[in-house]
Amino acid sequence: MSLFRSTFTVSRQTTLPASVTKEDVVTLLHDHSEMITLNPIVIKHEQMQGPSSPPPSLQQDETTASDQDDICSSTASAKYSITDQISYLPAHLWDSKIIYTAWFANASDGLRSFVRAPMGVEIRGSWRVIPSKPGSGPEGSGDLDHYLEEQAVVSCNSLLRPFIQSTMQKSHGTLHQRFLEKLMDGGHGGVHS
């Protein structure tokens, strides 16, 4: 690893109501377009032609062998061009668009994503529906059946780390809220509130 490269993990767990089934959650996770647009900083996306499998360099190291088997056996994977609107200063005093490539691969327990962005930013993400065991879910999850866990391993220039980490934590917090709202509104097989 280079002195100027940094690797870090951004994790988030979301409590799922007992009225939502694992199948409801996985169905929404497998809707790539919906998952992309739930992110508040995404302003545009389009599916790209060409190989839908991510480059091997994005799959190595952080992906376990069982994840690799699950991804490789999946027939539902796709490659996208995604545009984010990023605010570098408060009150949108300095905004910019960033265009990057993302690969999404469905897995039996959720979704795997691989991102290659400008300035050498690479992200390996995993969204999984995990059965709750006493004390295993998010704090305060009680006796719920499942929770949603997102883990993203980010590799970038060390100088970019604080900005990327802060942006991901904020935008993915909103993404998780929107995801839960989408499940509860019944749009993907979920229950109506």
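Each value in this text was obtained by applying a stated rule to the coordinates, not by laboratory testing. Since the model is a prediction, treat every value here as computed from it, not as a measurement. Don't worry about glycine lacking a Cβ; one is built from the backbone with ideal geometry, like all the others, and counts go over all protein chains shown.
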Fill in the blank from the handout: Looking only at lysines whose Cα falls under 30 Å of Lys79's and that sit 8 or more positions away or on another chain, we get Lys22, Lys44, Lys97, Lys170, Lys182
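Among 23-34, 40-51, how do they line up by average Cβ neighbours within 10 Å per residue, starting with the highest? Present the calculation step by step, with values, prior to reporting the outcome.
Working: 23-34: 18.7, 40-51: 12.9.
Packing proxy ranking, top to bottom: 23-34, 40-51.
Please give me the summed charge of the neighbours of Leu183: other residues whose Cβ is under 12 Å from its Cβ, Lys and Arg +1, Asp and Glu -1. Each step should come with its number before you reach the end.
Details: positive: Lys22, Arg178, Lys182; negative: Glu23, Asp24, Asp31, Glu34, Glu181, Asp185.
Here the charged neighbours net out to -3.
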